[in-house]
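Data first, discussion second: the structure below is written as structure tokens.
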Amino acid sequence: MMDLDEEYYMYKTDKSDDIQYEFLSSEDLKTEMTTIIENVKAMLQYPSGICRILLQQHKWSNQLLLDKFYENPDPNDFLAKCGLLPEGSVIVSEEQECPICCISGKLFGLACNHMACVDCWSAYIDGKMKAKRSEIECMQLDCKLLMVDEKVTEFIKDASIYEDVIINSYVKTHKTLRWCPETCRTAVRVKTPVHSLISCPCGVNYCFTCGNEGHEPINCRLLRKWLRRCQDDNSSYKWLNANTKDCPTCQTPIEKTGGCNHMTCQKCKKHFCWLCLTPWNLRHDCSR
Ligand SMILES: [Zn+2]
Ligand SMILES: [Zn+2]
Ligand SMILES: [Zn+2]
Ligand SMILES: [Zn+2]
Ligand SMILES: [Zn+2]
Ligand SMILES: [Zn+2]
């Protein structure tokens, strides 16, 4: 068990190496992602949507992805392992009953032939957007085929929502990136992911490691302990409020334990009613 001084010292040493960081807007991040995608696209000759998913699955490391790709003698086999097919076209059927909502209409599906109507696909993808999932599998439960980005956007009204989900995944994948905890949509990139205080251009100071408000001089672990303690104190305080009242005569806190409203103060021995706090007598009838 470390004491505070020791932790304080550790924090100081963390801070002593000169930490540099840069701020990035959503737009900056998008440009950065596009550059990486274009790079991979030039090498592998797949559509952007496929390259984006492959990169996301390989920690956005160009090198890692290409290594894995060329390790595999069969490119289609590699894609299949990643839940992808080289041609990501959406199949459209003639008028038919949707197996999910049972309403007749044109049905759509991926190359796996699992078909559903446009409303069912939209509702399904909407749910995935809310769960912030950037890789979306086919609607069929046991089907692992992924829907490429170009197809996903065909089923949602606002493509920028999906774009945000993708950028979020990008930030999450990088240990050196973190969003500002406020809503300014500014991310920060640090040189090394160590404890450092970030002063966002929006005015918020936060800790890079845990994302909480700046907490000098204690470290993240101590802060977490402290926050948990506050939470506990807060809940016992609430409990206290609901179960104790001050004696109307001497103001001593009285705890209500049983169901009876007839209270006797342990200190001044006065009898009173728990509900209306007036003196108790045999005829007291408090029906509040
Ligand atoms: Zn349907
Ligand atoms: Zn499927
Ligand atoms: Zn901010
Ligand atoms: Zn922290
Ligand atoms: Zn009393
Ligand atoms: Zn009463």
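Before moving on, here are some points about what is shown:
- Spacing of the modelled spin labels on residue 130 and residue 112, each 7 Å from Cα toward Cβ, amounts to 2.2 nm.
- Cα centre as origin, Lys/Arg/Asp/Glu Cβ charges: the chain dipole, Debye: 1820
- Principal semi-axes of the equivalent ellipsoid, √(5λ) from the alpha carbon gyration tensor of the chain, are 56, 34, 15 Å from largest down.
- Toward the positive end of the charge dipole of the chain, with +1 on the Cβ of Lys and Arg and -1 on the Cβ of Asp and Glu, the farthest Cα among 118, 39, 86 is that of 118.
- Length gained when the stretch residue 232-residue 48 is fully extended (0.36 nm per residue, less Cα-Cα span): 61.3 nm
- Which of 27, 32 has the fewest Cβ neighbours within 10 Å, and the rest in rising order: 27, 32
- Over the chain: helical MRE at 222 nm, DSSP H runs n ≥ 4 each giving -39500 (n - 2.57), nearest 500: -12500 deg cm²/dmol
- Label-point separation in nm, residue 216 to residue 31, each point 7 Å along Cα→Cβ: 3.1
- Hypothetical label at residue 157: residues of the range 81-122 whose amide nitrogen lies under 13 Å (7 Å Cα-Cβ projection): 122
- Overall Cα dimensions of the range 97-195, principal axis frame, Å, largest first: 56, 25, 18
Every read-out reported here was derived from the displayed coordinates using simple, explicitly stated rules and does not represent laboratory data. Keep in mind that this is a model prediction, so the values were computed, not measured. Cβ atoms come from the backbone with ideal geometry, glycine included; neighbour counts cover every protein chain shown.
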